[in-house]
Amino acid sequence: MGAVGETEVSESQIAVHWREEDYYEPPPKLIDQANANDPAIRERFSEEHFPDCFTEYAELLTWDRKWDTILDTSNPPFWKWWIGGRLNACVNCVDRHLEARGNKNAFIWVPELEDQETKEITYEELHRRINEFAALLRDFAGAQTGDRVTFHMPMVPELPVSMLACARMGVIHSQVFGGFSGAACGNRIVDSQSKILVTMDAYYRDGQLLDHKLKADEALEVASNQGVEIEKVLVWRRQPGEYHSESPMVDGRDFFVDELLEDYRGQQVEPESMPAEAPLFLMYSSGTTGQPKGAEHSTGGYLSYVAGTSKYYQDIHPDDTYWCFADIGWITGHSYIVYGPLALGTTSVMYEGVPTYPDPGRPWRIAEKLGVNIFHTAPTTIRMLRKVGPDEPAKYDYHFKTMTTVGEPIEPDVWRWYYHTVGKEEAAITDTWWLTETGGFLGSTLPALEKMKPGSCGPGVLGINLVIYDENGEEVQKGSGKAGNICVRNPWPGLMQTIWGDDDRYVATYFAKYCRDKQSQDWHDWPWLCGDGAVQAADGYYRILGRIDDVINVAGHRLGTKELESAAIQVEEVAETAAVPVIDELRGKVVEMYVALKPGFEPSDEIVQKVSQIIERDIGKIARPKNVWIVPDMPKTRSGKIMRRVIAGISNFADVGDVSTLANPEIVDEIREQVQSAKVARGDVPRELSPEEMEEIKAFGRVE
Ligand code: WTA
């Protein structure tokens with residue numbers, strides 16, 4: 001590992017101070033059995049074979065009618081894949097597996113309470129349940145092909161049942177993450193113009209049965225105030241026959257699904273043969289403030305892309321037991337709990353609750369008990385488990401062949417714990433970088449073929465040709481040590497089709513910055529802007545620095561939050577970190593660090609000093625934090641992402657915005673009291689922010 005100095009950077013560049021990490025080789029045991037173990041696969045997907053290379057993915061599916069055209073670029077930049085082809089997503093995920101593997105488990109659902117029964121759902125049973133619910137949706141609720149139906153569901157099997165029932169009929173589903181507020185759900189109902197809401201009475205989280213139906217009432221009110229009336233609320237019950245909510249059932253509007261289903265027992269619904277480019281679902285990204293942005297994903301393009309990437313990057317075989325520990329309410333869950341794994345006919349594990357309930361050994365007990373051999377989760381979960389149960393994995397007898405990390409850059413230190421302790425040095429890690437908008441992976445190593453490098457996702461995945469541009473559209477060369485805006489040069493089947501109902505916003509957000517010719521039907525003129533900062537090492541591997549919006553500009557030095565956080569987390573006592581900007585008269589902005597400690601450590605000046613010093617050592621004087629705050633916990637969303645904007649608000653004595661979606665809202669006042677009274681005592685109160693600065697702080701840190 002080389003030493004690091006401070007690089008001179010211009011205003012528009014993001015400073016990079018990473019040191020190179022050592023490589024890790026793919027484990028030999030994985031290689032023989034891997035789906036992608038022939039190096040020729042890179043050649044098959046090379047740029048000269050574009051777009052034909054993706055037929056390999058489309059051929060993983062069963063088509064009612066084969067496509068005539070692979071890629072249609074006639075209406076730029078609304079690229080269309082598999083034109084003329086027809087298929088049904090539910091048939092591909094369920095029906096076509098019945099003959100060979102009807103008795104095999106499609107899902108294994110693990111409830112949060114350990115004394116409740118784990119449920120195994122075979123492909124046959126899943127098929128029956130989907131058909132019955134589809135019949136109900138159609139005949140009772142009046143859902144028709146092309147309609148949108150909003151779900152606000154927790155992590156229960158009824159969620160994929162509902163999704164696949166919609167897919168069967170060509171109804172577009174729009175699942176809102178269960179931890180979101182009723183208001184967030186209401187705004188998404190309005191945007192998608194849904195007439196039906198599918199929800200649940202209650203679910204378990206951290207040992208408590210949470211009332212969930214209450215949120216439906218708020219959602220309907222918010223929607224109604226904007227002129228959209230939900231006609232039917234279909235309420236699944238966590239325990240059929242028992243209702244666990246304070247919310248009254250409204251006559252003629254709210255119905256218990258388990259009661260209605262009595263009338264649909266054994267019914268079958270013919271699958272709709274859908275055009276490849278018909279929308280399959282909407283997934284909203286961003287938007288506790290501002291208009292929510294519904295990524296519209298297609299049937300044929302999306303499904304082929306998630307099937308292909310699940311096969312080669314997750315190395316899923318039908319006989320694997322695969323556990324993606326994410327929430328289906330996010331794109332990761334749609335692509336890599338439901339659609340990808342089921343398209344390949346494997347067994348997908350779903351877990352209802354939090355990682356540490358009732359203790360931090362839980363995930364490893366589940367893995368041991370169910371024989372999980374592929375594990376997939378996010379850095380926030382890994383950090384949490386490392387914090388509270390660093391020695392737990394060794395106590396359980398499970399063996400992973402591949403492990404995935406997704407959602408944000410993983411600090412190399414955390415990566416190493418994942419590799420050595422969780423993976424027991426037997427598993428390949430795929431650090432999969434991608435976005436809600438992209439349907440599936442963009443950057444990752446192929447687990448059996450490419451070396452891993454902690455903190456770097458790897459090269460672009462098969463068929464994805466990446467490029468980094470500077471602010472002027474000049475290509476940033478690999479190995480230059482310079483960062484810039486990472487883009488995808490070519491279209492690919494998993495890319496969203498548009499922002500639901502807002503084509504102009506789609507073009508403006510993702511294409512306008514680097515489009516070379518707005519009339520051009522040549523895709524080469526339309527690079528796709530991801531919105532992340534990245535740097536490419538000499539070996540071609542990409543390191544993602546985080547969202548461009550999360551950059552902290554100190555006197556013209558643009559510092560990536562993740563780089564600061566990766567430095568600080570190396571301090572032995574530190575479990576979690578967050579970097580935020582504070583307005584500073586002299587330097588525009590300066591960095592403040594928040595850290596939470598591992599259990600058993602007490603806050604001390606020594607730790608504060610260590611954090612400061614390591615940042616100065618790894619990044620430079622410019623990044624030296626103005627303050628390091630040791631806090632009991634970070635404000636987090638229900639999906640575990642740290643809400644940097646809330647901490648930034650506190651540090652700047654500014655409005656922290658809506659905290660109702662936090663998993664731990666009470667921590668906000670506690671941190672505010674601690675930090676602001678210390679600042680007042682030191683005479684370190686920043687001036688009042690201008691409205692623009694206020695907006696910037698509020699927008700800091702993309703959390704959804
Ligand atoms: C970040 C989640 C680094 C990135 C699939 C992206 C990552 C945003 C990684 C999208 C990764 C996701 N390494 N950064 N492996 N995966 N990101 O829409 O900033 O919830 O733009 O999609 O998460 O988040 P989203």
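Show me the strands (runs of 3 or more DSSP E) entirely contained within the range 247-352 in which 3 or more residues are open to solvent by less than 10 Å² (accessible area, probe 1.4 Å) and in contact (Cβ under 8 Å) with a residue 40 or more places away in the chain. Lay out the reasoning, then the answer.
Details: elements: 254-256, 279-285, 293-298, 321-324, 347-351.
Filter on the range 247-352 gives 279-285, 293-298, 321-324, 347-351.
Of Trp500, Trp523, Trp434, which residue is among the hydrophobic types (A, V, I, L, M, F, W, C), open to solvent by 10 Å² or more (accessible area, probe 1.4 Å) and within 12 Å of the ligand (Cβ to nearest atom)?
Testing whether each residue is among the hydrophobic types (A, V, I, L, M, F, W, C), open to solvent by 10 Å² or more (accessible area, probe 1.4 Å) and within 12 Å of the ligand (Cβ to nearest atom) leaves just Trp434.
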Residue by residue through the range 26-60, note down the ones that are part of a loop (DSSP other than H, G, I, E, B) and either in contact with a strand residue (DSSP E or B) (Cβ under 8 Å, 6 or more places away or on another chain) or modelled with pLDDT under 95 (or both).
Pro26, Pro27, Pro51
Give me the residue from the range 398-411 that is at pLDDT below 95 and open to solvent by less than 10 Å² (accessible area, probe 1.4 Å) and, out of that set, farthest from the ligand (Cβ to nearest atom).
Glu411
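For the range 86-180, list the helices (runs of 4 or more DSSP H) that sit wholly inside it and hold at least 1 residues that are of a type in the set (Phe, Trp, Tyr) and out of contact with any Pro (no Cβ under 9 Å at 6 or more places or on another chain); which are they? Spell out the reasoning first.
Details: elements: 89-93, 98-101, 123-139, 158-169.
In the range 86-180, 123-139 are the helices (runs of 4 or more DSSP H) which contain 1 or more residues that are of a type in the set (Phe, Trp, Tyr) and out of contact with any Pro (no Cβ under 9 Å at 6 or more places or on another chain).
Please go through the range 536-559 and give me each residue that is assigned to a strand (DSSP E or B) and either open to solvent by less than 10 Å² (accessible area, probe 1.4 Å) or within 12 Å of the ligand (Cβ to nearest atom) (or both), ordered by number.
At the first step, the residues of the range 536-559 found to be assigned to a strand (DSSP E or B) are 536, 542-547, 552-554, 557-559.
If the condition is that a residue be assigned to a strand (DSSP E or B) and either open to solvent by less than 10 Å² (accessible area, probe 1.4 Å) or within 12 Å of the ligand (Cβ to nearest atom) (or both), then Tyr542, Arg543, Ile544, Leu545, Gly546, Arg547, Ile552, Val554, Leu559 are the ones that fit.
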Residue check: is Asp532 under 27 Å from Ile429 (Cβ atoms) and either acidic (Asp, Glu) or more than 16 Å from the ligand (Cβ to nearest atom) (or both)?
yes
Which of (1) within 16 Å of the ligand (Cβ to nearest atom); (2) touching a residue at least 40 places away in the same chain (Cβ under 8 Å); (3) not in a helix (DSSP H, G or I) does Tyr419 not meet, given it meets every other one?
(3)
Give just the number: which of (1) within 16 Å of the ligand (Cβ to nearest atom); (2) farther than 15 Å from Pro76 by Cβ does Glu576 not satisfy?
(1)
Of the numbered conditions (1) surrounded by 16 or more Cβ atoms within 10 Å (Cβ to Cβ); (2) in contact with a helix residue (DSSP H, G or I) (Cβ under 7 Å, 6 or more places away or on another chain), Lys598 fails exactly one; give the number of that condition.
(1)
What number of residues within the range 458-483 are part of a strand (DSSP E or B), open to solvent by less than 30 Å² (accessible area, probe 1.4 Å) and either over 30 Å from Glu25 (Cβ atoms) or at pLDDT 95 or above (or both)?
6
Exactly one of Ala448, Ala394 is part of a loop (DSSP other than H, G, I, E, B) and away from the ligand (no atom under 16 Å from the Cβ), and that residue is Ala448
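The values are calculated or read from the model by the stated rules, or taken from the named source; none is laboratory data. In this text the structure is predicted, and so the values were computed from the model without any measurement. Counting neighbours? That spans all protein chains shown, and the Cβs are built from the backbone with ideal geometry, glycine included. Note: areas computed on protein heavy atoms with side chains; ligands, DNA, RNA excluded. Shrake-Rupley method; radii C 1.70, N 1.55, O 1.52, S 1.80 Å.
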